[in-house]
Amino acid sequence: MVYGYRLLRLKVICGWIVFVCTSFSLMRTADADVSLWIDGLPAPIVVSETPGDGIKAVVVEDLKYHIERMTGRRPELIVVGADGEIPVPSIVLGEAARRLGAVPLHETATGDAFRLLTDGGRVLINGETVYGVSHGVYEMLRRLGCDWIFPGEEGEIIPRRESLAVEPLDIAKNPAFQTRDPWVSGVWASREALAEFAVWKRRQQQTLAGQPRHPKFLGGGHFWHGLIRNNRELLEENPEMRALVRKADGTLERSWFQLEPTHPKVEDITVAYIRGQFERNDWPHDKVVTLPAVSPNDGGGYSISGETIDAGARRVDPVSGADDHTDVLVDLGNRILERLEDEFPNLYVGMYLYSWHADYPARYEPHPRFTINIADIMYSRYHSLKDPRSASRAYYRGILERWADLHERQGNPLSFYGYNWNLAENIMPYSKMKIWGKDLPYYHDMGVIGHNNQQDNAWSILGPHDYLMARMGWDIDLDWREVLADYCKLAFGEGGPYVEEYHLMLIETQEAGGYEAGGFHSIHLIFDRAFVEAAYRLFDQAKEAAQTDVHRRNVRYFRQPVRALELYLDYRDAVTAFDFATGLEAVEALLEHLEAARKENEHMVTQEGNRYVNLWLKPLARDGVKYSTGDYRILSEIPDELPTLIDPHIKGQMMGFWHPELQDANRIKTRTYSSTWDAQGLAPMRQGAAWYRIRFDMPEEVPEEGIGLFLGGFEDTAYVWCNGEYIGDSGRRFLRPAPFDLTDHIRYGEENLVAVQIVQRTWCNELWLGGLMYPSFIFAGPRLDEPAPSTETLYRPLPGGAREPITR
C-alpha cells in the first residue's frame, strides 16, 4: 500500500474562470469594482414586484441573510414596479435587471440559464425563470467569498466584511447537466436534515424543489409495482401475465413480483397506463413526456418462461451471473412506442439500465424514443469507468460506448442515476473525487442530460465529492484536484493541506489494490493499520495547523471515519481469531462511536450505517459468543482455507459431493474469511454452488452433550451433510450465522466429514462475493433445542419427469 502520497497542490487558485461552452465570462478590466456599500449600509435589493411566499421570497431572504452575516447590516428590499427608478448602487433581481440589460444568452428546457453583470454601479441578476435568478444570486455570493461545504449552519462559509464590492463582470451561464437533482432518502435522515439538504441544493445551484426536470429526463425507475397493484384482478385471472420463476425446490410458479414482458396483455395495460397519464394530467397529445413504463421492480425475480427466453438474447450478464433481460425490455418498449407513436408523437418510454437489464440490446435496435437512466450499482464502487484495474467497470464502459453511439446516431435521450456512497459500508473511509472527476465529463460527452444522484447523509466521508458533483453540474471542465484543494481550504483553513493529503492517500489506496467486492468484505484488503496510523498523523497535523475553532471542529468531524475503520479492524481481527467476545465489544464500540458523531452533527454520519453494522457485523459476534462461551465451547476451528468443489449447475447433491469416501487430497483450496471470491479470481461465478469439505477428529471419550456446526456467514443458502447424512439447510440468509445440530451423526473416536453446499446468489446481494465468508467452527454443549434452520427436501429427477427425495 502507498501512504506517502505527494501533495499535487497546496494553495487555492484564485481569479476568473472562463466557462467553455456552457458559459461566458466577459471581464471589464477598465472598470472599477462596483461598490455595494453606501453611507455605512449595504446597497438595497431591488425587485419589480413583491416576492410573495414562493422561491422568489426564499432567495431574497437568503440573500439578505448572507449580506447581514457578512456585514452585520441587513439590506433594504425595494419594489420599483414596472417603471420605477432603480437606485445606484443596488443589487437588481429578475425583471428589473432585464430592463437594465441583464438578458440571459442561453435557452434551456429547465429555466436554469442566468446573466450576472455589473453595469452603471449596479449588480444585475436575471434568469430565464426564477430558478435562473436563484442560481445567479448564489453565483454572486460565491464571488463574494461565500460557500456551503455541507448542509446546515455549520457548513456555511460566510466571510466577515467591513463593506461590500464586486469586481466588474459579465457572466452568462447555463449548466452542463440540465437536471442536477441529488436526493437523500427520508429513511436515512430526519426531516430537519432533509430540509437543510434542500437549502444546500438551492445554494449549490442544483435543480430545485418544484423546478421541472428536463422533459426527456427519465425519472422514477422501479415501475412495475404500480402496474401490478392497479391491475391485480386482471393478473389474478391471467396468471400467465406474471413472471415465471423457479422456486428453491426446482418447481416453477407465477410470481407477483415481476411481469411477463412478452405477454400481449402486459403491453395492453402499459399502454392503458400511458393513456391514463395523459388524460389525468390533461396533457396535450403532442406534449414531450418521458415515462419509465418498461422498468421492472428492484431485486431480480425476472421471468424464465420460454417466451421470454426466446425473445431475449440468450446471454448471461457477467457481473451478476444472471440471464440478461435487456433485450426483452427494449422489445417491450419498442412495441409500445410503435403502437402509440401517432397518438403521442413526443412520448418517450424507457427503463433503468440496472441490475439484470443493464446491457446494450443484442437483438433489437431501440426505438429513437426509447430512453434509459444509467444506474451503475452493479460495478466496482472503488474505481472510475476509465480505470483499467476494474474488470467490472471495463465491461460497463463497453456498454456505455454503444448507448453513446446510439444517442449520436438517432438521438435517444440518456440520463444518469448515480450513487454518492459506498452502499453497505458507508461508515468507512471512501472518496469519489477522482471517480466523479473522470466519469462526469465522460457522461457529459456521451450526451447525458442530467442526473438524479442518490445520496447518503454522511458528509464527513462524502462531503468533498458531493461538493464536486454539484460544481461540475455547471462547470464540467473543473479539475477534481483543484476542487479538493479549494474544499479543504474552505473547511479546514490552514489545516487544509493535511486533509487534502489524506484524501489523496485515500484515493490512491482504494484504487491501487484493484479490489471490487462489495460490502465490508474488501475493507481489510484495501486498508491496514499502517493506513490508519498515517491518516491519524495527517489529521493531527491538520488540527495543529488550524487557526479557528470552526476549522478544528471540521477536522474532528472528518477524522471520525478513520476511527470507524480502526474499530472495524479491531472487530475483524477479533472474530477471525475466534475471539467473538472481543469482536462484540468492538461492534458495540463502533455503534457508540457512530451515535456520538451523529449527535454532534447529524449530517456527518449516516443513520444507515448502524443498520448495516447490526445486519452484517453484529450477528456473527453475538452468535459466535453464544456458541463458544458459557455452556458451549469450540471443539474445532474450521480453517480459513478449505478444499472446494465448484458446482455451477447445483447438481453436486445428486453427484455425491457430500460422500465421505470422495477424495480431497488434490482439490483446489479457496480461502473463506481472509479473502473474497473477487480477490481469488472467482468473481465471474455468480450462480451455481460451491462445496466445502471439512474433516475433523472427534475424541472417543466426550461428555454426553450436543455437537453442532456454526457457519458464520455465507452467500446465500447453506445445505449441510454430516458423514453422508443430510442435516438440513439454512434458508436464504445472506451473511447471517446458521447453527446446525450434528449430534446424531457424529462418529466418536474417528475422523468426521461435514460437507457444506453454498448455493450462490439466490437474490441480489453484493458485487463479486461468494461461498463461505465468515469464520465457522464445530462446537459442543447443550444440544440445540432448535431444529436446523430449515429442512428443505432435496429431490432428484427420475425418468418420465417424476421426482424422489434425496435422503443421503
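The values are calculated or read from the model by the stated rules, or taken from the named source; none is laboratory data. All figures in this text were calculated on a predicted structure; none of them were measured in a lab. Note that each Cβ is placed from the backbone with ideal geometry, even for glycine, and that neighbours are counted across all protein chains shown. Just the protein is used for accessible areas: all its heavy atoms, side chains included, with ligands, DNA and RNA removed. Shrake-Rupley method; radii C 1.70, N 1.55, O 1.52, S 1.80 Å.
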Could you give the length gained on full extension between ASP342 and TYR536, defined as 0.36 nm per residue of separation minus the Cα-Cα distance, in nm? 63.4 nm
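Add -39500 (n - 2.57) for each DSSP H run of 4 or more in the chain, then divide by its residues: what number comes out at 222 nm, to the nearest 500 deg cm²/dmol?
Values: 20 runs with 263 residues, N = 808.
That comes out to -10500 deg cm²/dmol.
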Which ³J(HN,Hα) values, rounded to whole Hz and listed in residue order, are derived for the stretch 629-646 from phi using the Karplus coefficients 6.51, -1.76 and 1.60 in 6.51 cos²θ - 1.76 cosθ + 1.60 with θ = phi - 60°, glycine and proline given as x? 9, x, 6, 10, 8, 7, 8, 8, 7, 6, x, 5, 9, 9, x, 10, 10, 8
ILE78-LEU194 pseudo-label distance in nm [points 7 Å out on the Cα-to-Cβ vector]: 4.2
Can you figure out the FRET efficiency of LEU525 with ASP631, using R₀ = 25 Å and their beta-carbon distance, to the nearest 0.05? 0.10
Using the crude model of +1 on Lys and Arg Cβ and -1 on Asp and Glu Cβ, and no other charge, please compute the dipole size for the chain relative to its Cα centre, in debye to 20. 1180
Tell me the per residue accessible area of the stretch 385-460 using a 1.4 Å probe; a whole number in Å² is fine. 27
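Rounded to the nearest 0.05, what FRET efficiency is calculated for ARG314 and GLU233 with R0 set to 35 Å and r the Cβ-Cβ distance? Each step should come with its number before you reach the end.
Working: r = 34 Å, r/R0 = 0.98.
It comes out at approximately 0.55.
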Can you send over the solvent-accessible area of LEU194, 1.4 Å probe, protein chains only, in Å² to the nearest 10? 50
Estimated FRET transfer efficiency when R0 is 30 angstrom, pair SER185-LYS64 (beta carbons, to 0.05): 0.40
Can you return the aspartates and glutamates within cross-link range of LYS489? Criterion is Cα-Cα under 14 Å, with same-chain partners fewer than 8 residues away left out. ASP147, GLU156, GLU500, GLU501
By a straight-distance test (C-alpha under 16 Å), which lysines pair with LYS432 as possible cross-link partners, with residues fewer than eight away in the same chain excluded? LYS386
What is the extension gain from ASP475 to LYS599, computed as 0.36 nm multiplied by their sequence separation minus the C-alpha to C-alpha distance, in nm to one decimal? 41.1 nm
Between PHE696 and GLU240, with labels modelled 7 Å along Cα→Cβ, what's the label distance in nm to one decimal, could you check? 5.3
The stretch 739-746 - phi-based ³J(HN,Hα) in whole Hz, Karplus 6.51/-1.76/1.60, Gly and Pro as x: x, 10, 8, 9, 3, 6, 10, 7
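Return one whole number: the accessible area per residue of the stretch 646-732 in Å², for a 1.4 Å probe. Present the calculation step by step, with values, prior to reporting the outcome.
Working: 3570 Å² over 87 residues.
Using a 1.4 Å probe on heavy atoms only, each residue of the stretch 646-732 averages 41 Å².
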The answer for the per residue Cα convex hull volume of the stretch 543-634, in Å³, is 91
Once you have the Cα-Cα distance between ARG622 and ARG409, take 0.36 nm times their residue separation minus that, and quote the gain in nm to one decimal. 70.9 nm
For the peptides 153-166, 632-645, 277-290, what is the packing order when you average, over each peptide's residues, the other Cβ atoms within 10 Å and list the highest mean first? 632-645, 153-166, 277-290
Through the Karplus equation 6.51 cos²θ - 1.76 cosθ + 1.60, θ set to phi - 60°, convert the phi angles of the stretch 568-573 into ³J(HN,Hα) values in whole Hz; use x for Gly and Pro. 5, 5, 4, 4, 5, 4
Separation in nanometres of the label points that stand 7 Å from Cα toward Cβ, at GLU544 and ASN281: 5.9
Using only alpha carbons, build the gyration tensor for the chain and give me the equivalent ellipsoid semi-axes, biggest first, whole Å. 54, 35, 20
Reduced to Cα centres, the span from the stretch 365-425 to the stretch 436-501 in Å works out to 19
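Could you tell me what percent of the accessible area of the stretch 534-625 is made up of carbon and sulfur, with a 1.4 Å probe and every protein chain present? Display every interim value, and only then the final one.
Values: 1760 of 3740 Å².
C and S fraction of accessible area: 47 percent.
Just check the stretch 164-227 against the gyration tensor rule for me: Cα atoms, a ≥ b ≥ c as the square roots of the eigenvalues, rounded for a/c under 1.5, and otherwise prolate or oblate depending on whether a/b exceeds b/c.
Here the stretch 164-227 falls in the oblate category.
Using a 1.4 Å probe on the protein chains only, how many percent of the accessible area of the stretch 278-388 belongs to carbon and sulfur? If you can, show how the numbers build up before the last one.
Working: 1740 of 3780 Å².
Using a 1.4 Å probe with all protein chains present, the stretch 278-388 comes out at 46 percent carbon and sulfur.
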From most to least accessible, 1.4 Å probe, no ligand or DNA/RNA atoms counted, ARG202, ARG783 line up as ARG783, ARG202
Antiparallel bridges, percent of DSSP beta bridges restricted to the chain (to nearest 5): 70
With 5 Å bins from 0: P(r) over the stretch 373-500, alpha-carbon pairs, percent: 2, 10, 19, 22, 21, 14, 7, 3, 1, 0, 0
For LYS173, counting only lysines whose alpha-carbon sits under 19 Å away and dropping same-chain residues fewer than eight positions off, the answer is LYS201
